[in-house]
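Asks: Take this structure first; my questions come after.
The values are calculated or read from the model by the stated rules, or taken from the named source; none is laboratory data. None of these values were measured; they are calculated from a predicted model. Neighbour counts run over all protein chains shown; Cβ positions are idealised from the backbone, glycine included.
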Amino acid sequence: MKKTALVCLVSMILASPLAADHTLVRFDGGIGVIPVSNVTVTNGVTTVSRNIVRGVNPPGQIWVIDRLKADVDTDGHVTARGRGLLLGGGNNIGLNANQSVIATLSCDATAGSPLFTTTTPVPLAPNGDFDIDDMLTPTPPADCASPVLLIRNGTGAAWFAAGILKLN
């Protein structure tokens, strides 16, 4: 009888999760920035629309990213691992432009909605690799209805890459 109870107890422990999942959102894959989203010509007048995402401007040059994985927890802890974030054009193509990066989460597409940003810039390796392990400020809401993750330059002035939302 004791042996059966012990086996049942061990089975329950192994079958149940040891820690609750506190993940708010996950991203798997990345999209590099193309600074221009649209060009129109009307009556000889050329209009260029910048690729502004959630109120964040693009840089002046194309950036590419090979891989991006990121998890954001409900307490605002973010881990992001990027590979190959490099300039995709211009005279410094294939270089990191001596940039550092931060992560920003947006939960609402409405203009003027808050952005949740890491505070410590992480330098890009010469090959464009980076690892972010930081907290978002302020803490994001418990429900992030329309999540977008942006990898931005260290000053936060421009976005270089965006995460691809992982559903389940």
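Asks: So in the range 60-88, with the set limited to residues that are surrounded by 14 or more Cβ atoms within 10 Å (Cβ to Cβ) and among the small types (Gly, Ala, Ser), which one is farthest from Ser37 (Cα to Cα)?
Replies: The residue in question is Gly76.
Asks: Report yes if Gly89 is assigned to a loop (DSSP other than H, G, I, E, B) and more than 19 Å from Ile164 (Cβ to Cβ), otherwise no.
Replies: Yes.
Asks: Of the residues Asn51, Asn43, which is more than 14 Å from the chain's Cα centre (by Cα), surrounded by fewer than 18 Cβ atoms within 10 Å (Cβ to Cβ) and either among the aliphatic types (A, V, I, L, M) or within 23 Å of Gly128 (Cβ to Cβ) (or both)? Let's see the steps before the verdict.
Replies: On the way: Asn43 fails: either among the aliphatic types (A, V, I, L, M) or within 23 Å of Gly128 (Cβ to Cβ) (or both).
Within the list Asn51, Asn43, the selection yields Asn51.
Asks: Taking Asp129 as the residue in question, decide whether it is touching a strand residue (DSSP E or B) at 6+ places or on another chain (Cβ under 9 Å) and modelled with pLDDT under 95.
Replies: no
Asks: OK, next. Quick check, is Gly94 modelled with pLDDT of 95 or more, at positive phi and either of a type outside the set (Ser, Thr, Tyr) or within 10 Å of the chain's Cα centre (by Cα) (or both)?
Replies: Values: modelled with pLDDT of 95 or more: yes; at positive phi: yes; either of a type outside the set (Ser, Thr, Tyr) or within 10 Å of the chain's Cα centre (by Cα) (or both): yes.
Here the answer is yes, as Gly94 does meet what is asked.
Asks: When residues of the range 49-86 are filtered for being assigned to a strand (DSSP E or B) and either in contact with a helix residue (DSSP H, G or I) (Cβ under 6 Å, 6 or more places away or on another chain) or among the polar types (S, T, N, Q) (or both), how many remain?
Replies: Within the range 49-86, residues that are assigned to a strand (DSSP E or B) and either in contact with a helix residue (DSSP H, G or I) (Cβ under 6 Å, 6 or more places away or on another chain) or among the polar types (S, T, N, Q) (or both) number 3.
Asks: Also, I was wondering about something else. Inside the range 144-168, can you point out the residues that are surrounded by 18 or more Cβ atoms within 10 Å (Cβ to Cβ) and among the β-branched types (Val, Ile, Thr)?
Replies: Residues satisfying the conditions are Val148, Ile151.
Asks: Answer yes if at least one residue in the range 123-139 is small (Gly, Ala, Ser) and surrounded by 18 or more Cβ atoms within 10 Å (Cβ to Cβ), and no otherwise.
Replies: Taking every residue of the range 123-139 in turn, at least one turns out to be small (Gly, Ala, Ser) and surrounded by 18 or more Cβ atoms within 10 Å (Cβ to Cβ).
Asks: Separate question: Taking Ser113 as the residue in question, decide whether it is over 16 Å from Ile31 (Cβ atoms), without any contact (Cβ under 8 Å) to a residue 60 or more places away in the chain, of a type outside the set (D, E, K, R) and surrounded by fewer than 14 Cβ atoms within 10 Å (Cβ to Cβ).
Replies: Working: over 16 Å from Ile31 (Cβ atoms): yes; without any contact (Cβ under 8 Å) to a residue 60 or more places away in the chain: yes; of a type outside the set (D, E, K, R): yes; surrounded by fewer than 14 Cβ atoms within 10 Å (Cβ to Cβ): yes.
So Ser113 fits the description; yes.
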